There are 2 protein chains.
Amino acid sequence: MVKVVAKHFVKEDKINEFIELAKNLVEATVKEEGCIEYKLFQDLKDSKILTIIEEWEDKTALDKHMDSEHFIEIVPILSSFMEKPAEMNLYKNLT
Amino acid sequence: MVKVVAKHFVKEDKINEFIELAKNLVEATVKEEGCIEYKLFQDLKDSKILTIIEEWEDKTALDKHMDSEHFIEIVPILSSFMEKPAEMNLYKNLT
């Protein structure tokens, strides 16, 4: 299992566009093989912080996701809405 | 529902102690009312990054957790193992 936390810092005036497009990414991604969880969250205090929390069966499934048509199409547009680069961490579970 | 990502940056020589103690915290916390998920993760590239990903039924359950005996006992010790303050984000789900 691989857990991913991808934290995005979005330009104030692009928050709604980011959310709408990220929802499309979520919708396509949850159908992928090996995807256990893929959800979009918004920080309660700072609405510019939008985080995707993911769980994949293994690294291969995650790599395939990053090669998928929807990822390649949507992620560069999402990146253009960001104030600074996303923080992405890949984790293993210890508990 | 409230999602929490608590990201800790632990001193190199305190990683094992942090993990052992955090496991005790996880064990006690998952028994709490309103706790949907509470798991410890370690970054695959940087073993000093230890993150707890949590899900609570509501803010009240989270507040109760932060008032619990095990939280009050264990968290200050975990903090003493950190290189810098933890990053804590509370989120709502959008998808």
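When segment B:20-40 is limited to residues that are within 12 Å of the chain's Cα centre (by Cα) and of a type in the set (D, E, K, R), the one that is nearest to residue A:2 (Cα to Cα) turns out to be B:39. Scanning segment A:15-43 for residues being of a type in the set (Phe, Trp, Tyr) and part of a helix (DSSP H, G or I) gives a total of 1. Figure legend. Inter-residue proximity from segment A:83-95: first residues over 26 Å from residue B:30 (Cα atoms) and within 7 Å of another protein chain (Cβ to nearest Cβ), second residues loosely packed, with under 13 Cβ neighbours inside 10 Å and of a type outside the set (A, V, I, L, M, F, W, C), beta-carbon distance below 8 Å, spacing 6+ or different chains. No pairs are indicated. If you go through segment B:44-60 one residue at a time, how many are more than 24 Å from residue A:87 (Cα to Cα) and surrounded by 15 or more Cβ atoms within 10 Å (Cβ to Cβ)? The number of residues fulfilling the criteria is 0.
The single residue among B:81, B:41, B:9, B:71 that is touching a Pro at 6+ places or on another chain (Cβ under 9 Å) and of a type outside the set (Lys, Arg) turns out to be B:9. Residues that are surrounded by 13 or more Cβ atoms within 10 Å (Cβ to Cβ), part of a strand (DSSP E or B) and not charged (D, E, K, R) within segment A:81-95 comprise A:82, A:86, A:89, A:90, A:91, A:93, listed in sequence order.
In this structure, residue B:41 does not satisfy being more than 17 Å from residue A:95 (Cα to Cα), of a type in the set (A, V, I, L, M, F, W, C), modelled with pLDDT of 95 or more and crowded, with 17+ Cβ neighbours inside 10 Å. Within segment B:32-63, work out how many residues are touching a residue at least 12 places away in the same chain (Cβ under 8 Å), of a type in the set (Asp, Glu) and at the interface with chain A (Cβ under 10 Å from one of its Cβ atoms). Final tally of qualifying residues: 1. Residue count for segment B:1-31 satisfying the condition of being surrounded by fewer than 17 Cβ atoms within 10 Å (Cβ to Cβ), away from chain A (no Cβ under 12 Å) and touching a Lys or Arg at 6+ places or on another chain (Cβ under 7 Å): 1.
Only one of the numbered conditions (1) free of Cβ contacts under 8 Å to residues at least 40 places away in the same chain; (2) over 11 Å from the mean Cα position of the chain (by Cα) is not met by residue A:17, and that is (1). Entry remark, segment A:66-80: residues being farther than 12 Å from residue A:26 by Cβ and in a helix (DSSP H, G or I) number 9 in total.
The values are calculated or read from the model by the stated rules, or taken from the named source; none is laboratory data. Worth saying up front: this structure is predicted, and the values here are computed from it rather than measured. Using ideal geometry, Cβ is built from the backbone for each residue, glycine included, and neighbour counts are taken over all protein chains shown.
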